[in-house]
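Just below is one structure, and these are the notes that go with it.
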Amino acid sequence: MSAETDEDSIIAQLKRSVEAIVAKTGPHSKFAEDLMQKIGNLQTKMESLNESDRHKFISEMKGSFQEAIARIERRLLTHSNLANTYSTSIFVAVIFLIVSVFALFGFKLYKSLTEKELKKQEKLKSKQQKKSKKSN
């Protein structure tokens, strides 16, 4: 009974991991397709074994299965972290671009206004100089 429970728990854990991977990577990703093919091959091999050989195979491979499941879950976690980093970096790049455009237009506006103010002051100065020349 214990071997059957171990077999069921390992298979259930494997199925949950595969479902999570397919949900994250999409059903048509290369990784998911390879994984599904390997699991199909494993299932075919297990079905071809008789009951005692199947229990023996499961007990011998239990550590390998659990290690493989843990490795798959780590890859899945890494994949989701990379996806989050990628989307965050795109968001930051867009924000940086928008801020840069506003800064450029702000600088151009500031430069234009200061040039107008300088021209206005120069014009006023030249008028004052003309007035002072006329009065002299």
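Looking at the stretch 43-54, can you tell me whether even one residue there is aliphatic (A, V, I, L, M) and within 24 Å of the chain's Cα centre (by Cα)? The answer is no, given that none of the residues of the stretch 43-54 is aliphatic (A, V, I, L, M) and within 24 Å of the chain's Cα centre (by Cα). You will find that of LEU14, LEU42, LEU49, the residue that is surrounded by 15 or more Cβ atoms within 10 Å (Cβ to Cβ) and modelled with pLDDT of 75 or more is LEU42 and no other.
Taken over the stretch 52-65, the criterion of being free of Cβ contacts under 8 Å to residues at least 12 places away in the same chain and open to solvent by 50 Å² or more (accessible area, probe 1.4 Å) is satisfied by SER52, ASP53, LYS56, GLU60, MET61, SER64. Anything in the stretch 82-91 that is within 15 Å of ILE21 (Cβ to Cβ) and either modelled with pLDDT of 85 or more or open to solvent by less than 80 Å² (accessible area, probe 1.4 Å) (or both)? List them, or say none. Selection gives ALA83 alone. A search for C-beta distances below 8 Å between a residue of the stretch 26-48 that is closer than 17 Å to ILE72 by Cα and any residue that is among the hydroxyl-bearing types (Ser, Thr, Tyr) and surrounded by 11 or more Cβ atoms within 10 Å (Cβ to Cβ), counting only pairs 6+ apart in sequence or on different chains, returns PHE31/THR25; ALA32/THR25.
The values are calculated or read from the model by the stated rules, or taken from the named source; none is laboratory data. It should be emphasised that the depicted structure is a prediction, and the values quoted were computed from it without experimental measurement. So basically every Cβ, Gly included, is an ideal-geometry build from the backbone, and we count neighbours across all protein chains shown. Note: accessible area is taken over every heavy atom of the protein model, side chains too, but ligands, DNA and RNA are not part of it. Shrake-Rupley method; radii C 1.70, N 1.55, O 1.52, S 1.80 Å.
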